[in-house]
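Inspection log for the structure reproduced underneath, given as C-alpha cells.
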Amino acid sequence: MPETKANECVPASYSGAPDAASIQSIKLQVPRIIPSPPNTEAEKMLAGQLYNCMDLALVNARVFAKTCLQRMNTQDLTDVDTRAQALMDLLGTKETGVWIEPPFYCDYGSNIHMGEATYVNVNCTFLDGAPIRIGKRCFFGPKVSIYTNTHPIDPYERALGDYSKPVTIGDDCWVGGSAIILPGITIGEGSTIGAGSVVTKDVAPYTIVAGNPARKIKDVPRIDSDKPIPSRFIMY
C-alpha cells in the first residue's frame, strides 16, 4: 500500500476547548504524521513503547482529527466532494473508491491506511495510536471497532502511560457488524469475521471466525488469482 504523506509543523501550544480561530490554526498546522526527534511521546507511541497520550503534540493531532471528523460527520450528505476532501485530510493513506459512512470516529486518522474500494458502514470506531492497515475491497459492518490502544495490567505502570499495537487486515476481508478487533491483530486476506465477534488472536487467510473470543468456523474458498475482482463503488 502507498506510504503516508509528508508532514507539516506542530503548533506551539494548545490549551482548553479551542475557539474558531484556533481550530483553523490547528487544522492548518497539525501534521499527518507527527515529525518527532528520538524519544518523543509520538515516536514512542508508534514504536509500541509506553507513552503519554496527553503529550502536547498528540493532543494537537487529536484536535486536528476531530475537526476533520466534524466536517465529515456533519456535512450535507449530498455534498460528496466536501466529505471526500475531509476524508483525504483525515486519513494517512486513502486509495480510490474508499467510502466511509458517517458518523465515523478515530484518534488521529493519520495512522489509518485504506486500500481501494474499501467500505466502512455507520458508527465505526478505529482508534489508531498505532498503524491500522486495511487492504483492498474490505467491508466493515456498522459499529465495528478496531483498537490499537491498550494499557498495562500493573496499576502503577498503567498510571504512567499507554501502549499501542498495530492492526493489519488483508485484502478482501469482511468484518461483520459490532465486531471488535483488539490491539496487535493481523487478519489474513479473504477472511470473514462474524458479527459481534471479539478477535483476540490472529486470523489465518481465507477463514471464517466468530464468537467471543473469535474461533475458526470453516475455511473460505480461495480466489482465482487470474480472475480480477470487480468493484461496485464509485471511484472517488
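The single condition among (1) free of Cβ contacts under 8 Å to residues at least 60 places away in the same chain; (2) part of a loop (DSSP other than H, G, I, E, B) that Thr168 does not meet is (2).
Within segment 124-165, track down each residue that is polar (S, T, N, Q) and either assigned to a loop (DSSP other than H, G, I, E, B) or farther than 17 Å from Lys44 by Cα (or both).
Those that are polar (S, T, N, Q) and either assigned to a loop (DSSP other than H, G, I, E, B) or farther than 17 Å from Lys44 by Cα (or both): Thr125, Ser145, Thr148.
Close contacts from segment 67-86, counting a first residue that is under 13 Å from Val98 (Cα atoms) and a second that is modelled with pLDDT under 85, with Cβ to Cβ under 8 Å and a gap of 6+ residues or different chains, come to Val80/Tyr236; Arg83/Gln75; Arg83/Leu77; Ala84/Tyr236; Ala86/Gln75. When you scan segment 102-116, do you find a residue that is among the charged types (D, E, K, R) and either out of contact with any Ser or Thr (no Cβ under 6 Å at 6 or more places or on another chain) or modelled with pLDDT under 95 (or both), even just one? Taking every residue of segment 102-116 in turn, at least one turns out to be among the charged types (D, E, K, R) and either out of contact with any Ser or Thr (no Cβ under 6 Å at 6 or more places or on another chain) or modelled with pLDDT under 95 (or both).
Among the residues of segment 97-153, count how many are under 21 Å from Arg83 (Cα atoms) and among the hydroxyl-bearing types (Ser, Thr, Tyr). Residues meeting the conditions: 6.
Listed here are the residues, each with its yes/no results for (1) surrounded by fewer than 21 Cβ atoms within 10 Å (Cβ to Cβ); (2) under 15 Å from Gln49 (Cβ atoms); (3) among the small types (Gly, Ala, Ser); (4) out of contact with any Pro (no Cβ under 6 Å at 6 or more places or on another chain).
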site	(1), (2), (3), (4)
Gly129	no, yes, yes, yes
Phe140	no, no, no, yes
Lys143	yes, no, no, yes
Tyr147	no, no, no, no
Tyr156	yes, no, no, yes
Thr168	yes, no, no, yes
Ile187	no, no, no, yes
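The values are calculated or read from the model by the stated rules, or taken from the named source; none is laboratory data. Note that the structure is a prediction, hence the values are computed from the model and not measured. Note that each Cβ is placed from the backbone with ideal geometry, even for glycine, and that neighbours are counted across all protein chains shown.
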